[in-house]
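The block underneath contains the structure these notes are about, expressed in structure tokens.
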Amino acid sequence: MDNRPVIGISTQLLDAAWGRWDRQRAVLLPERYPAMVRAAGGVAVLLPPDAPQYAAQTVERLDALVVAGGEDVDPELYGARPHPLTVANAPERDAWEAALLRAALAAGKPVLGVCRGMQLLNVVFGGTLIQHLPDVVGHEGHVGPPNAYGRHPVRPVPGTLLGGLLPEAEVVVPTFHHQAVDRLGEGLTVGAYAADGTVEAIEAPAGFVLGVQWHPEQDPADLRLAEALVRAASLVRETALITAAG
């Protein structure tokens, strides 16, 4: 019997080309996300955008949720007007992933938000976003060169969930983002900062609910976050099996 926990990963919709098709609506997720989950000991299941009313029954079938990176979150969700450089063109994804997050939080399922996923997690908790980080920090060090990820150090906060998983004073991480947390969502805690003060990780006070601004799937040599997610998901799975056996 395969007892590996099932980890759902959100995806995006876009027009893509392959084979004899030069334009076909497709569900897309960088392969390194499921590869990260598999390497950490989980089963990866891709979650294309769906109607928000189906989020709870989808989450019920999962042991944990990963909300992947992607385009910007719609500023209307946190009561702001769009910055000229904001690219928020996926309302169906915004609605679906917000519903998935709320369902996972209500069900006590472990959550890992990556980049956009962290930003949406903050918005779901009532927080806001900086729409163009260079306007605030004065540099573009959080964005890599074209078609590549940048790298910079982050400083985990001791005593937090993230600080326990990454106990070093600094960790160099793969990064590619131009937005970040502004007002922290209600009840959330900062788990890491960049040297310029940018919030690099957030977490909820109970359970495994973690958002990171960087891209851990791009660093296959460091699976600590994914392995922690899989451990938390395994506990959820074991508890559910014991309850069902009753």
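Hey, among the residues in the stretch 163-220 that are open to solvent by 50 Å² or more (accessible area, probe 1.4 Å) and assigned to a strand (DSSP E or B), which one's farthest from Gly144 (Cα to Cα)? Once the filter is applied, the top-ranked residue is Thr189. Scanning the stretch 85-104 for any residue that is touching a helix residue (DSSP H, G or I) at 6+ places or on another chain (Cβ under 8 Å), open to solvent by 60 Å² or more (accessible area, probe 1.4 Å) and within 28 Å of Glu60 (Cα to Cα) turns up at least one such residue. Within the stretch 204-218, not a single residue is closer than 18 Å to Ile7 by Cβ and free of Cβ contacts under 8 Å to residues at least 24 places away in the same chain.
Suppose we keep only residues that are in contact with an Asp or Glu (Cβ under 8 Å, 6 or more places away or on another chain) and among the acidic types (Asp, Glu) within the stretch 54-100. Which one would you say is farthest from Pro134 (Cα to Cα)? It comes out as Asp94.
What residue, among those in the stretch 188-216 that are of a type outside the set (Gly, Ala, Ser) and out of contact with any Asp or Glu (no Cβ under 9 Å at 6 or more places or on another chain), is nearest to Glu60 (Cα to Cα)?
Within the stretch 188-216, the first condition is being of a type outside the set (Gly, Ala, Ser), and the residues that meet it are 188-190, 193, 196, 198-200, 202-203, 205, 208-210, 212-216.
Going one step further and asking which of them are out of contact with any Asp or Glu (no Cβ under 9 Å at 6 or more places or on another chain), we end up with 196, 198, 200, 202-203, 205, 208, 215.
Values: Asp196: 39, Thr198: 34, Glu200: 29, Ile202: 24, Glu203: 22, Pro205: 22, Phe208: 16, His215: 26 Å.
Applying the filter and picking the extreme gives Phe208.
At least 3 residues being over 18 Å from Leu101 (Cα atoms), open to solvent by 50 Å² or more (accessible area, probe 1.4 Å) and modelled with pLDDT under 95 is the threshold, and among the strands (runs of 3 or more DSSP E) wholly inside the stretch 1-46 those reaching it are 12-18, 21-28. Taken residue by residue, the stretch 95-112 has no member that is more than 24 Å from Asn3 (Cβ to Cβ) and in a loop (DSSP other than H, G, I, E, B). Assess whether Pro153 counts as being within 16 Å of the chain's Cα centre (by Cα) and part of a strand (DSSP E or B). Taking the combined requirement at face value, the residue does not satisfy it. Within the stretch 76-120, the set of residues being within 23 Å of Thr189 (Cα to Cα) and of a type in the set (Lys, Arg) comprises Arg102, Lys109, Arg116. Among the residues of the stretch 1-20, the one identified as under 20 Å from Glu60 (Cα atoms), charged (D, E, K, R) and within 23 Å of the chain's Cα centre (by Cα) is Arg4.
Of the residues screened, Ala240 is not one that is modelled with pLDDT under 95 and open to solvent by 70 Å² or more (accessible area, probe 1.4 Å). Using the structure shown, decide if Pro110 is open to solvent by 60 Å² or more (accessible area, probe 1.4 Å) and not acidic (Asp, Glu). For Pro110, the condition - open to solvent by 60 Å² or more (accessible area, probe 1.4 Å) and not acidic (Asp, Glu) - is not met.
When the stretch 128-156 is filtered for residues that are within 28 Å of Ala98 (Cβ to Cβ), touching a Phe, Trp or Tyr at 6+ places or on another chain (Cβ under 7 Å) and surrounded by fewer than 22 Cβ atoms within 10 Å (Cβ to Cβ), the ones remaining, listed by number, are Thr128, Val143, Gly144, Tyr149, Gly150.
Selection within the stretch 63-76: residues that are over 22 Å from Pro110 (Cα atoms) and within 17 Å of the chain's Cα centre (by Cα). The member of this set that is most open to solvent (accessible area, probe 1.4 Å) is Glu71.
The values are calculated or read from the model by the stated rules, or taken from the named source; none is laboratory data. Because the structure is a prediction, the values reported are computed rather than measured. Glycine gets a Cβ as well: all are built from the backbone with ideal geometry, and neighbour counts include every protein chain shown. These area figures cover heavy atoms from the full protein model, side chains too; ligands, DNA and RNA do not enter into them. Shrake-Rupley method; radii C 1.70, N 1.55, O 1.52, S 1.80 Å.
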